[in-house]
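Take a look at the structure set out below.
The values are calculated or read from the model by the stated rules, or taken from the named source; none is laboratory data. Fair warning: this is a prediction, and the values are worked out from it, not measured in the lab. Here the Cβ is made from the backbone with ideal geometry for all residues, glycine too, and neighbour counts use every protein chain on show. Ligands, DNA and RNA are excluded from the accessible area calculation, which covers all protein heavy atoms including side chains. Shrake-Rupley method; radii C 1.70, N 1.55, O 1.52, S 1.80 Å.
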Amino acid sequence: MFSSDQSCCWFVRKVICWRAVASMAWSVLLLLPTTALFVLLIRFSLFHPILWISECLSLLTSASAIFSFILLCGVVLMVGFFNLEYYTVVPSIACSKIALLGQVLHPRQFVHSLVHCIMGVVVAWCCAFTIGGRYRSLGHSCTQDESSSGPEMCLNEYHLVLLLVGAFIGYSHSLVGVVYNMNYVSFHTMQQYKYLRFKGALPLVVKASAVQALYCLRTFLLLYFFMGYAPRAWICKTLDLNINSSIHSLDSVSSLLDLSLLYHLWISGTFLLLTWYITVLLFRIFVTEVYSFPVQSTFTEDAHQCLPKVITGTQPMILKFLALQDLALLSQHSPSRRLEVFSLSQPGGHPHIWTALSKECLSLLSDLTERLVAHHDTVATNGRAKSQSTGGNKRSTTSSEGSVTSVGMEDMKTPRPGALIRTPGSVFLRSSVGAGLRTPLTIPFTPDLDSPFSSPALRRLTGPLEPQGALSPGFSSIQSPHVMRRGPKLWSASTDSQLNGSPPPSPGPAPSPSQAQLKPSFLVTFLQNRKDQLPEASSQALFADSQVHIWALQGLSHLVAASFSEDQYGIVQTTLPTILSTLLLLQEAVDRHFKLPHTSSKPGHCSCSMGDDSYKTLRFALRSTLKTSVYRITATFGGHLHAVQMSAEHRKRLQHFLEYKE
């Protein structure tokens, strides 16, 4: 028997390492045209094109250029090694600035930043040697005054600035990797050939390199303008170099605005980032390539490489991701492999393959449901929705909570693969069952207007929106400006009044024009945005690994739909009640999560174009995939699902899918 460690070892050794080596090899090969393009741009001469081409050709074939190219190859290989060591398929989302600072100051990240600084200096030295002229060496001979006995060695500040730019861009690349999750490797929904993926992403890589180099150069010039004397004095003292007093230092406005200097620094920084970004891009393309696992093995010693065995592993995470990706593709595009999933073991006649695959998928979906329920409970604990002060309202709210809790207890009887934590009814209380009385949601992260730290502008912002007098059915007592600005529901007052036979309540006094045009100040908006970032990051972290759940949903639903005509033994029908109950429970938890306040409906955009922010859209993809999966099953089985045992609430929810009303 093979242990899980042995299963991981064969996959890392035979698959991941070889894919990483292949990406590094292609990075080294692409370094040749990239270096040639850099030489052409750095030696560009518009008025002497023939001399320009001849100088570039002679430089590229010189021994010094070959030595520089060897150094660049070593840097590219080192970048590829760090990609292999630091990559992750589950992004690390910092929910606060303190957590982000902890990631930046982590010893592992410190080593990463230090090595990238050194590699940036090496690339900058190769660029300085390629440019030549005033950038060629760190020191040059100079004569300070007439009384000196001979020439002395003075500091070449142009060479020093180019080296410092390389170190600064190297550190910035490492820092940006932490902030924008550049080590995160995502899986594309559309399967493409490696060449087509690289071709499509190459213009984005070139643009990202040029823009990022420009931003880094701007920041570096500001720092060097104020603190340039410190590295200059340290280098002179360490290497026993003098400062040429006849030449102005570069930490002045006139010197830093030298167009030739700015162009050389920008092109060198772009070349540095371009070689590194190409290495990152190729690693992402190669490591996420689809891998086809055998469904069952003829030999016992290869059983640990089969899909039912691999899919239950946890380390490395990319092994589980690739296994679930293969399951999703298998269920859609491979009828022959689906027959192996629906087959029975010999001897014995047991559906071991289907049992292992379905059990793991249901376990993943149940774990996600538990996480969502736990998140709801945390939100309910930390929320600050204001309670009603009158005793009648309290009694109505209590009776409403009891009615909703009884409905929740009915859901507890639904069969499912594991014991799920049921969310209390009071957490998701929407409206009471009484005569038109509506109770507020439990809102997390709402500003406490009674707090002494609450600004007067925030009170003025939310004050006019509250109804005067008695609480009308269309309003709630939520004090968050994001919720209150939606205004009353247009149908609430009229509908409830007609049902009760009472006249509709009169609206409150209209706000004055000065109050209607009142806008929150910049400080209030800034503080509110900073407050909203915490629940938004928490929501993103909650769905950070939802790609596996998306594949589990696709694999389960397609297999269940295919079993209608391909399952000869009816093994899927035995687990159909559990599958439907698990999907409906997850659907309920996801719907409740998106009804929470501050849950963004549009993902934010990443300012670093090489940073993969696709994890911000995973929750939306999961929600649509979940609904599509249920529709796929109901559209295939149709009225046969009425014979499936489930709770009354789930049957009602399933009927909505059957009638295409969900």
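Observations on the structure shown:
- Here residue 635 clears all of (1) closer than 19 Å to residue 586 by Cα; (2) open to solvent by 20 Å² or more (accessible area, probe 1.4 Å) except the condition numbered (1).
- Long-range neighbours under 8 Å by Cβ, at least six apart or interchain, first residue farther than 18 Å from residue 123 by Cβ within region 36-47, second surrounded by 14 or more Cβ atoms within 10 Å (Cβ to Cβ) and of a type in the set (Phe, Trp, Tyr): 44/52; 45/52
- Taken over region 357-394, the criterion of being modelled with pLDDT under 90, open to solvent by less than 30 Å² (accessible area, probe 1.4 Å) and under 30 Å from residue 328 (Cβ atoms) is satisfied by 376 alone.
- Screening 64, 54, 45, 58 for residues that are outside any helix (DSSP H, G or I), exposed (fewer than 15 other Cβ atoms within 10 Å of the Cβ), of a type in the set (S, T, N, Q) and out of contact with any Leu (no Cβ under 6 Å at 6 or more places or on another chain) leaves exactly one candidate, 45.
- Residue that is open to solvent by 40 Å² or more (accessible area, probe 1.4 Å) and closer than 22 Å to residue 127 by Cα, where the choices are 274, 239: 239
- Residues of region 330-350 that are without any contact (Cβ under 8 Å) to a residue 40 or more places away in the chain and open to solvent by 50 Å² or more (accessible area, probe 1.4 Å): 333, 336, 346, 347, 348, 350.
- Listed here are the helices (runs of 4 or more DSSP H) enclosed by region 514-603 that have at least 3 residues being at pLDDT below 75: 522-542.
- Scanning region 242-259 for residues that are open to solvent by less than 50 Å² (accessible area, probe 1.4 Å) and not in a loop (DSSP other than H, G, I, E, B) turns up 255, 256.
- For region 95-102, the criterion of being in contact (Cβ under 8 Å) with a residue 12 or more places away in the chain and crowded, with 19+ Cβ neighbours inside 10 Å is met by none of the residues.
- Positions within region 77-121 being in a helix (DSSP H, G or I) and among the β-branched types (Val, Ile, Thr), in sequence order: 79, 98, 104, 111, 115, 118, 121
- Note on region 152-176: residues that are open to solvent by less than 10 Å² (accessible area, probe 1.4 Å) and either within 30 Å of residue 550 (Cα to Cα) or touching a strand residue (DSSP E or B) at 6+ places or on another chain (Cβ under 8 Å) (or both) total 1.
- Scanning region 53-79 for residues that are touching a residue at least 12 places away in the same chain (Cβ under 8 Å) and among the aromatic types (Phe, Trp, Tyr) yields one hit, 69.
- A search for C-beta distances below 7 Å between a residue of region 304-326 that is free of Cβ contacts under 8 Å to residues at least 40 places away in the same chain and any residue that is open to solvent by less than 10 Å² (accessible area, probe 1.4 Å) and part of a loop (DSSP other than H, G, I, E, B), counting only pairs 6+ apart in sequence or on different chains, returns 306/293; 306/295; 323/293; 323/311; 326/293.
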